[in-house]
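Here's the structure we're looking at; comments come further down.
The values are calculated or read from the model by the stated rules, or taken from the named source; none is laboratory data. None of these values were measured; they are calculated from a predicted model. Positions of Cβ are generated from backbone atoms using ideal geometry, with glycine treated the same way; all protein chains shown enter the neighbour counts.
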Amino acid sequence: MSETYDAIVIGGGHNGLVTAAYLARAGKKVLVLERRHVLGGAAVTEEVFPGFRFSVCSYVVSLLRPEIIRELDLPRHGLEILPLDGTFTPMPSGDHLWRMGDHARTRREIYRHSPTDAEAYDEYAKAMVEMARFVKPILSMVPPDPFSLDLPGFSRLFDLGNRFRALSRTNQHNLVQLMTMSAADMLDQWFETDVLKATMSASGIIGTFLGVRSPGTAYVLLHHYMGEIDGAFRSWGFSRGGTGAISLAIAGAAREAGVEIRTEAAVAQIKTKHGNATGVVLASGEEIGARLVVSSADPRVTFRKLCEPGDLPADFLADVDRFKYRGSSGKVNLALDGLPDFKCLPGEGAHLRGAISISPSVEYMERAYDDAKYGDFSRRPYIDMVIPSLTDPSVAPPGKHVLSCFVQYAPYKLREGTWDEKREAFGDTVVDTISEYAPNLKSLIRHRQVLTPLDLEREWSLSEGNIFQGELSLEQLFFLRPVAGWARYRTPLGRLYMCGSATHPGGGIMGAPGRIAALEILKDWERGKVA
Ligand SMILES: Cc1cc2nc3c(=O)[nH]c(=O)nc-3n(C[C@H](O)[C@H](O)[C@H](O)COP(=O)(O)OP(=O)(O)OC[C@H]3O[C@@H](n4cnc5c(N)ncnc54)[C@H](O)[C@@H]3O)c2cc1C
């Protein structure tokens, strides 16, 4: 067995790197082992085609915790977030809806569709900020365990209850609705403009195998509402150099604190002795010892692929098997010779600098889900597009552009055929769908990369291609993520911890699971449970 470390972190995604950085800053000797040739996991930038650099998977950022940016001094390590201004939704009628960062302009735009909705939009924005304020502290909290309430857990639950009681009756009502309703039903209560409801409800389905009319999606909508950039609520941004630059900034902070990082170092097995993790065996056969092991991979990979079944209790493994992944999204990355020209708003305006959402009606969104429910990719999918090269020209050659298309639905389990057979047909559907609104698109495409849920599983070890390492559905959140009774980053195997998006508070480029996990591990160290 080679050198012994205080901690080995499996996976060099952004959460694994955050955990490693915090442990090393506390004086621990840490090794990160990443399977791929490049760091970042799903927050990665790669030059997929010569001269064209893509945020291959995740493409926009908003949830990255401000305390991590501050504590790891990420701007000094190269982090720079550029604003993403608004969401433009083209409509088949030739009209459009364009919500911008500027509240007054957005209000005027909504007024054009419905004066009543323009009034309601202000009230809605206020209510959502209140809701986000209530929920947001939970993002930095270790989930209490209601199944074995210890004193700190009890006081956290008590505190949450008190904060709920302190909300106004209207806000209490709004919160219960957000926790229980579908995104579309919730928005129906506020607005009458179909395209507004459709495009807003889209945030409620991202990373889930649910439709905009499925209960529980209103919470997912709130989850995506909670981000902030430079203190501005609800704003989204690009990372200069792509989302991989975020991971590399964290890696820079980790290295500075002394972390050793190896790529092309796939872990094949977690070694154990007397009920404790003692190190890992790499796919190459190399064995590395450590006082503890932290996995940022999802529960199926961690407990079913890397652990021996005999090392874990059967009931825990049964819960691990019940954790739902059900990947439902794909990604199409296009290298373009020029900019798409939208029929409804021709030319190179600022509308191309924000998100461009193909979500023209609530019925369109629900029909897209209908296809997936029965095992097909959507014939007309929901697509969330961005053109980062307009804001950050470093990612494409001069005059050229990258177009990133996040697509839903692409169900992991197909009714007929395989994803290897259907990959290009899926890519064609995405291009055809966008071309209905921007007919010049096809003539601009130089290169195309199509990623299906199977590709996300094969290349990024995301089980069933779920972009958040497990669905963000209510029954898999907070003290239930990933398994009831084991939501506090510890596992039934001594000295094995988890720190990825499969743990609270879940997916997105947040870093929160990685940071809270590190702080919990350090507490165990202080209590002598690891030394
Ligand atoms: C297509 C797509 C689009 C997305 N869009 C957005 C977005 O726009 N904004 C946003 O905020 N979030 C988005 N997300 C979600 C976000 O990217 C993820 O939630 C987040 O990056 C996960 O980080 P992580 O560190 O927890 O896990 P991961 O990024 O999954 O990292 C885990 C790492 O572990 C490695 N690994 C796994 N098994 C092993 C092993 N045996 N040995 C060694 N290494 C191993 C993997 O290779 C990977 O690098 C998107 C995700 C995808 C896939």
Under 8 Å between Cβ atoms, which residue pairs at least 6 apart in sequence (or on different chains) link something in region 470-484 that is outside any loop (DSSP other than H, G, I, E, B) with a partner that is basic (Lys, Arg)? 476/324
So which residues in region 215-233 are within 12 Å of the ligand (Cβ to nearest atom) and modelled with pLDDT of 75 or more? 223, 224
With respect to the numbered conditions (1) in contact with a Ser or Thr (Cβ under 8 Å, 6 or more places away or on another chain); (2) within 16 Å of the ligand (Cβ to nearest atom), which one is the sole condition not fulfilled by residue 182? (2)
Among (1) within 16 Å of the ligand (Cβ to nearest atom); (2) under 24 Å from residue 156 (Cα atoms); (3) of a type in the set (Val, Ile, Thr), where does residue 483 come up short? (1)
First in region 172-190 and buried (at least 16 other Cβ atoms within 10 Å of the Cβ), second anywhere and of a type in the set (Lys, Arg) and in a loop (DSSP other than H, G, I, E, B), Cβ under 6 Å, 6 or more apart: 182/213; 184/213
Tell me the residue from 527, 448, 415 that is of a type outside the set (Asp, Glu), within 24 Å of the chain's Cα centre (by Cα) and surrounded by fewer than 23 Cβ atoms within 10 Å (Cβ to Cβ), please. 448
Quick one: which of 32, 38 is part of a loop (DSSP other than H, G, I, E, B) and of a type in the set (Val, Ile, Thr)? 38
Examine region 463-479 for a residue that is surrounded by 20 or more Cβ atoms within 10 Å (Cβ to Cβ), over 17 Å from the mean Cα position of the chain (by Cα) and among the hydroxyl-bearing types (Ser, Thr, Tyr), and state whether such a residue exists. no
Can you tell me which of 121, 111 is loosely packed, with under 15 Cβ neighbours inside 10 Å and more than 21 Å from the chain's Cα centre (by Cα)? 111
Among the residues of region 372-399, which ones are surrounded by 13 or more Cβ atoms within 10 Å (Cβ to Cβ) and aromatic (Phe, Trp, Tyr)? 377, 382
Of all residues in region 239-281 being among the aliphatic types (A, V, I, L, M) and in a strand (DSSP E or B), the one that is farthest from the ligand (Cβ to nearest atom): 277
Scan region 54-97 for residues that are within 16 Å of the ligand (Cβ to nearest atom) and without any contact (Cβ under 8 Å) to a residue 40 or more places away in the chain and report the count. 1
Determine if region 301-309 includes at least one residue that is more than 15 Å from the ligand (Cβ to nearest atom) and at pLDDT below 95. yes
In this structure, is residue 331 closer than 22 Å to residue 224 by Cβ and part of a loop (DSSP other than H, G, I, E, B)? no
With the requirement that a residue be within 8 Å of the ligand (Cβ to nearest atom) and at positive phi, what does region 7-39 give you? 11
Suppose we filter region 424-434 for residues that are among the small types (Gly, Ala, Ser) and surrounded by 15 or more Cβ atoms within 10 Å (Cβ to Cβ); how many remain? 1
Give me the pairs, please: first residue somewhere in region 304-326 and under 26 Å from residue 210 (Cβ atoms), second residue anywhere and surrounded by fewer than 17 Cβ atoms within 10 Å (Cβ to Cβ) and modelled with pLDDT of 95 or more, beta-carbon distance under 7 Å, and either six or more positions apart or on two chains. 320/304
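Quick check on residue 421: is it surrounded by fewer than 18 Cβ atoms within 10 Å (Cβ to Cβ) and either under 24 Å from residue 456 (Cα atoms) or modelled with pLDDT under 95 (or both)?
yes
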Assess whether residue 500 counts as being surrounded by 24 or more Cβ atoms within 10 Å (Cβ to Cβ) and at positive phi. no
In region 359-389, what residues are more than 19 Å from residue 90 (Cα to Cα) and among the hydrophobic types (A, V, I, L, M, F, W, C)? 372, 377
Filter region 164-195 for residues that are of a type in the set (Phe, Trp, Tyr) and part of a helix (DSSP H, G or I) and give the result. 164
Residue list for region 282-310, filter: part of a strand (DSSP E or B) and over 29 Å from the mean Cα position of the chain (by Cα): 287, 288, 289, 290, 291
Return a yes/no flag: does region 40-53 have any residue that is more than 19 Å from the chain's Cα centre (by Cα), closer than 26 Å to residue 238 by Cβ, among the small types (Gly, Ala, Ser) and within 14 Å of the ligand (Cβ to nearest atom). no
